[in-house]
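Have a look at the structure below before the remarks.
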Amino acid sequence: MLSLQGEDARTWLQGLISNDIRKLSPERSIYATLLTPQGKFLFDFILFERDDRLLLDTEAARLTELKKRLGFYKLRSKVTIEDASAEFSVAAAVGEGDAKTLGIDRPLPGATRPFAGGLAAIDPRLAALGCRIVAPRAGLVSALEAAGFAPGLDFEAHRLALGVPDGSRDMTPDGAFLLESNVEELNGVDFDKGCYVGQETTTRTKRRGVVRKRLLPVECGGDLPRPGSIIMSGGAEAGEMRSSRGGRGLALLRLDVVGAAKADPDGLSVGDTKLRLRWPNWLREPEA
């Protein structure tokens, strides 16, 4: 968790990230990414606004790296960047009526309200992911249990069942592009906000409609192959495995083989392992 403060924090961040910071408020959280100047993925995060602070919920393992990258762009901007991991904890709450249980009346991705001294939001990427909560570490678990949420949620299995990517595990840093990673459909990019780092490539790709690959869910009867494994279709390379758990995972697949994979459920494979493609219902299918 990173915390940003200072009189320039919002305007400074607006020139860096893929989403429009003007959407962010104490009542609305947003999903966004930081790209290379060439438009390739570096980091993704969920942004919350709490009092006079912007809180970035991002990959714990890469938090120091993100802080360093943001510091590179700071220059003379009046903004402080701090590691707030010791202060705040992050939780996911999924269940029947999860949003209403947390007092969120609007069933919209990003809708946010106070909870347990922090904030609870319908996940801004996809409402089906449940609610994302950022709150002071002390008392968060007991507050969730008091609200009726049982501990032990397997969020990894939940997000893989929905086909939602998880940061650098699915989007290769300095390699992946936003549109092939479904970030547009997950509410992480705004094409009307103006300039930001990597904006030119992202906008040009959108305008030309030249997305040739997609991150898509795959499954099999046993454990899926490890990340980076080459997926074959009809004797040709069709893509690569990304993260998985058990028999469900994500793969970066060439769109020109997707039609064949739908027609032949066993047409994708890694060695002797047959993979079955599942197109998520929240992602628009390509036109024939």
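Miscellaneous remarks
- Identity of the residue in the stretch 100-113, surrounded by fewer than 22 Cβ atoms within 10 Å (Cβ to Cβ) and either touching a residue at least 40 places away in the same chain (Cβ under 8 Å) or of a type in the set (A, V, I, L, M) (or both), that ends up nearest to SER142 (Cα to Cα): THR101
- Single condition ALA61 does not satisfy, out of (1) hydrophobic (A, V, I, L, M, F, W, C); (2) without any contact (Cβ under 8 Å) to a residue 12 or more places away in the chain; (3) part of a helix (DSSP H, G or I); (4) more than 24 Å from ALA32 (Cβ to Cβ): (4)
- Identification of strands (runs of 3 or more DSSP E) wholly contained in the stretch 204-282 with 3 or more residues that are out of contact with any strand residue (DSSP E or B) (no Cβ under 6 Å at 6 or more places or on another chain) and over 28 Å from ALA127 (Cβ atoms) yields no element.
- Test: residue in the stretch 102-118 that is of a type in the set (Gly, Ala, Ser) and modelled with pLDDT under 90: yes
- Which listed residue, of ILE81, ILE122, is farther than 19 Å from ARG137 by Cβ, surrounded by 15 or more Cβ atoms within 10 Å (Cβ to Cβ), in the same structural domain as ARG10 (by TED's automatic domain parsing) and free of Cβ contacts under 8 Å to residues at least 40 places away in the same chain: ILE122
- Candidate set from the stretch 22-58 (those that are without any contact (Cβ under 8 Å) to a residue 40 or more places away in the chain and among the aliphatic types (A, V, I, L, M)); member that is nearest to CYS131 (Cα to Cα): LEU47
- Meets criteria (assigned by TED's automatic domain parsing to the domain that holds LEU24, at pLDDT 95 or above and within 18 Å of TYR31 (Cα to Cα)) for THR58: yes
- Hits in the stretch 215-239 - residues which are surrounded by fewer than 20 Cβ atoms within 10 Å (Cβ to Cβ) and on the phi < 0 side of the Ramachandran plot: GLU219, GLY221, GLY222, ASP223, ARG226, PRO227, SER229, ILE230, MET232, ALA236, GLU237
- Count of the stretch 144-159 residues which are surrounded by 20 or more Cβ atoms within 10 Å (Cβ to Cβ) and assigned to a helix (DSSP H, G or I): 2
- The set of residues from the stretch 50-78 being of a type in the set (Asp, Glu) and buried (at least 20 other Cβ atoms within 10 Å of the Cβ) comprises just one member, ASP57.
- Taking the numbered list (1) outside any loop (DSSP other than H, G, I, E, B); (2) out of contact with any Asp or Glu (no Cβ under 9 Å at 6 or more places or on another chain) in turn, ALA86 passes all entries but (1).
- Test result for SER25, assigned by TED's automatic domain parsing to the domain that holds ILE122 and within 28 Å of ALA161 (Cα to Cα): no
The values are calculated or read from the model by the stated rules, or taken from the named source; none is laboratory data. Nothing here was measured: the structure is a model prediction, and the numbers come from that model. Glycine gets a Cβ as well: all are built from the backbone with ideal geometry, and neighbour counts include every protein chain shown.
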